[in-house]
Amino acid sequence: ESHILHGIDFKVNEGELVPVSAVGGADGARLAALVLQVEGGLAASVGPGSVVEVWAAAQSEGGDFAEPSVIVAAATVVRLVQTSTIVSGGEITAIEVLVPRSKIGVVLQAVAGEASMSIVPSSIPLGG
């Protein structure tokens with residue numbers, strides 16, 4: 001039997017209270033999607049499905065950056081959102097990654113503090 005909920009047509013099969021397709025997976029309880037802006041390009045091996053490290057270097061009031069450190073050891077790339085060229089000739093890339101929910105606060109703190117973010121592949125593909 002078909003039902004419309006919030007403009008979406010769901011098919012509810014016999015024995016289901018709600019359609020299985022309407023229930024999130026276990027990853028939704030453990031992971032969250034965040035879009036990060038990184039200066040510079042990405043390694044050629046970084047693409048959807050890649051496991052990467054997220055590094056951040058905090059910016060001081062004087063504009064200098066602290067030593068970078070890993071803030072997420074294993075994030076999964078969902079997609080490359082966009083790459084823009086800035087006036088100074090550099091590039092800013094937006095990348096959507098899945099991070100453990102326990103790391104959301106650390107990542108958002110780095111973003112709010114205008115830390116310089118970098119994405120580093122966790123492994124180098126064979127033959128590449």
For Ala115, list long-range residues whose amide hydrogen, built 1.01 Å from N in the peptide plane, is under 5 Å from its own amide hydrogen.
Gln59
Accessible area per residue in Å² at 1.4 Å probe, computed on segment 35-77:
56
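The values are calculated or read from the model by the stated rules, or taken from the named source; none is laboratory data. From a predicted model like this one, the values you see are computed outputs, not experimental measurements. For accessibility, only protein heavy atoms count, side chains too; no ligands or nucleic acids. Shrake-Rupley method; radii C 1.70, N 1.55, O 1.52, S 1.80 Å.
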